[in-house]
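> What follows is a structure written as structure tokens; I'll ask about it next.
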Amino acid sequence: MNAKTTGIVAYFTWIGLAVAVLAGDREGAKFHMNQSLVIWLFSLLRHVPCVGWVWGVFILICWIMGLVAAMNQEEKEVPLIGSIRILK
């Protein structure tokens, strides 16, 4: 897979992220794989009572922003959590 396809696939659940890591262009799409991983990990906080639904909406917006950026081959960080780097 080329970098654009790998970046897009990375945003589709943890399975897509695993496929992107294993079969995709790691160097070309590392930014989007990292963004996807951060979004996925922070999405687990949506299960917190009272504020979980607000966080869930925020994560959905971040996911859409990341996916659109991957489709346009741009490296735009998502708000608040985008500066976190897990993959080096």
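The values are calculated or read from the model by the stated rules, or taken from the named source; none is laboratory data. Since the structure is predicted, the reported quantities are computational estimates derived from the model, not experimental observations. Ideal geometry is used to build each Cβ from the backbone, glycine not excepted, and the neighbour counts take in all protein chains shown.
> Please find, within the stretch 1-23, the residue that is nearest to Leu67 (Cα to Cα) out of those that are modelled with pLDDT of 90 or more and assigned to a loop (DSSP other than H, G, I, E, B).
Tyr11
> Also, I was wondering about something else. Tell me, yes or no, whether the stretch 65-75 has at least one residue that is touching a helix residue (DSSP H, G or I) at 6+ places or on another chain (Cβ under 8 Å) and over 19 Å from Leu87 (Cβ atoms).
yes
> Another question, then. Quick one: which residue in Ile64, Ile39 is surrounded by 13 or more Cβ atoms within 10 Å (Cβ to Cβ), assigned to a helix (DSSP H, G or I) and at negative phi?
On the way: Ile64 fails: surrounded by 13 or more Cβ atoms within 10 Å (Cβ to Cβ).
Of Ile64, Ile39, the one residue that is surrounded by 13 or more Cβ atoms within 10 Å (Cβ to Cβ), assigned to a helix (DSSP H, G or I) and at negative phi is Ile39.
> If Arg26 satisfies all but one of (1) part of a helix (DSSP H, G or I); (2) surrounded by fewer than 17 Cβ atoms within 10 Å (Cβ to Cβ), what's the number of the condition it fails?
Unmet condition: (1).
> Conditions first: (1) buried (at least 17 other Cβ atoms within 10 Å of the Cβ); (2) of a type in the set (Val, Ile, Thr); (3) at pLDDT below 90. Val51 passes all but one, so which condition is the exception?
Single failed check for Val51: (1).
Rundown of residues vs (1) of a type in the set (D, E, K, R); (2) in contact (Cβ under 8 Å) with a residue 24 or more places away in the chain; (3) touching a strand residue (DSSP E or B) at 6+ places or on another chain (Cβ under 8 Å), yes/no style:
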residue: Ile8; (1), (2), (3): no, yes, no
residue: Trp14; (1), (2), (3): no, yes, no
residue: Ala20; (1), (2), (3): no, no, no
residue: Arg46; (1), (2), (3): yes, no, no
residue: Cys50; (1), (2), (3): no, no, no
residue: Met65; (1), (2), (3): no, no, no
residue: Ile81; (1), (2), (3): no, yes, no
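> I'd like the full set of residues that are over 10 Å from the mean Cα position of the chain (by Cα) and in a helix (DSSP H, G or I), limited to the stretch 70-88.
Once the filter is applied, which keeps residues that are over 10 Å from the mean Cα position of the chain (by Cα) and in a helix (DSSP H, G or I), the stretch 70-88 yields only Met71.
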